[in-house]
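The values are calculated or read from the model by the stated rules, or taken from the named source; none is laboratory data. None of these values were measured; they are calculated from a predicted model. Heads up, the Cβs are rebuilt from the backbone with ideal geometry, glycines too, and the neighbour counts pull from every protein chain shown. Accessible surface areas use protein heavy atoms only, side chains included; no ligands, DNA or RNA. Shrake-Rupley method; radii C 1.70, N 1.55, O 1.52, S 1.80 Å.
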Amino acid sequence: SNDRFAFYPAVLEGAEMEARDSNYNLVVLHMGFSGNANLRQLLDNSGDVMGAIVQANNLDDAILQDVRSLDIPCVFVDSYRPDIRTSSVCVNNEQGIFSVVKYLKEKGHRDIGYVYSGWDHDSQLERRRCFHQALREFGLEPLEEALKKVEHMPTALVGENDRQAWRAVKALQRLGLKVPDDVSVVGFDNRSICTMIEPNLTSVKNYRHLMGRECVMLLENLRRMKKLGIGDPCVKFELPTELVERDSVRDLTKTAE
């Protein structure tokens, strides 16, 4: 989705900085959606390759076949599947989503909806799973069940990312509803758009530059472990998130008082 194109340049910049600090050169190669049969040749032309950082929306069979054929350490960016052995550096979606649901519950919200793009990126699918899991663990009903009993809007919406949250704000305003007076909205990723709209958007901050740096450092560690004969290690490294509170959430507990 378009939002991912704004996400990865910051990750790439972080990887470039870490590579430069470690005396490596970062070479950017395009794989395409269905893999790249010439990937091995492209890497051979690049010289002595330490490892590969792979950005893929989904870890499908074509990409996995290409990556495994390289026979070098590889790290995926914000893509992970528990059913296959891959190393990844990811956003801690569980921590981020749980912090949002906990925050909204503490603000008195019980009917919480989720706005998603429909794209099936591995990380976005994980956020959706975490949202429903968080509702259950905090004793809140999934909105589908709540809407069977009541015919009103949820008091709060969680966007899959800041773009979806922004679209939700605009859609609510077109319906004549005010944010946060009528419906609260929270985003995810803490993009610059959060402070460019009214009201300023509460969101979950992730550390995209640090993600790029960690990709390079993880590659170094994987290469070192392979040289030591430790085997074929598989590491999922999750970076922490932080809830950034702004003006898009109404405190219903104060209203009740």
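Computed values, structure above
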| item | result |
| --- | --- |
| Cα-centre dipole for the range 91-143 with unit charges at Cβ (Lys and Arg positive, Asp and Glu negative), debye to 20 | 180 |
| Rounded tilt (10° steps) of 2-21 against the dominant C-alpha axis of the chain | 40 |
| DSSP-loop GluC sites (Glu not before Pro) across the range 149-224, with at most 12 other Cβ within 10 angstrom | GLU151 |
| The chain: most fluctuating residue of TYR103, TYR80, TYR116 per GNM, C-alpha cutoff 10 Å | TYR103 |
| MET196, MET17, MET50, ranked by accessible area, largest first (probe 1.4 Å) | MET196, MET17, MET50 |
| Over the range 71-173, volume per residue of the alpha carbon convex hull, in Å³ | 120 |
| Spread of Cα-to-Cα distances over 5 Å intervals beginning at zero, given as percent, for the range 97-236 | 2, 9, 16, 18, 17, 12, 8, 6, 5, 4, 2, 1, 0 |
| Most fluctuating residue given options CYS90, CYS130, CYS234, as computed from a GNM of the chain linking Cα atoms under 10 Å | CYS234 |
| Excluding exposed DSSP-loop trypsin sites (Lys or Arg not before Pro) (at most 14 other C-beta within 10 Å), longest clean stretch of the chain | 86-177 |
| Charge dipole (debye, nearest 20) of the chain; +1 at Cβ of Lys and Arg, -1 at Cβ of Asp and Glu | 140 |
| Tilt relative to the chain, helix 93-106 - C-alpha long axis, 0 to 90 degrees, to 10 | 10 |
| Those aspartates and glutamates that a straight Cα-Cα span of less than 18 Å connects to LYS254, excepting residues fewer than 8 apart in one chain | GLU106, ASP111, ASP181, ASP182, GLU245 |
| Inter-label distance, nm, simple model (7 Å from Cα along the C-beta direction), LEU239/LYS102 | 2.1 |
| Cα-Cα over 30 Å, subset of LYS102/LYS236; LYS170/LYS236; LYS205/LYS227; LYS107/LYS170; LYS107/LYS236 | LYS170/LYS236; LYS205/LYS227; LYS107/LYS236 |
| Mean shadow area of the range 172-235 over all directions, Cα convex hull, nm² | 6.3 |
| All-pairs Cα distance distribution in the range 86-145, expressed in whole percent, bin size 5 Å | 4, 18, 28, 23, 15, 8, 4, 1, 0 |
| Fraction of the pair-distance distribution of the chain above 22 Å, Cα-Cα pairs, percent | 58 |
| Estimated vicinal HN-Hα couplings, Hz - the range 45-50 in sequence order (Karplus 6.51, -1.76, 1.60; Gly, Pro = x) | 6, 8, x, 6, 9, 7 |
| For the chain, built as a Gaussian network whose Cα springs stay under 10 Å, the top-fluctuating residue of VAL235, VAL186, VAL100 | VAL235 |
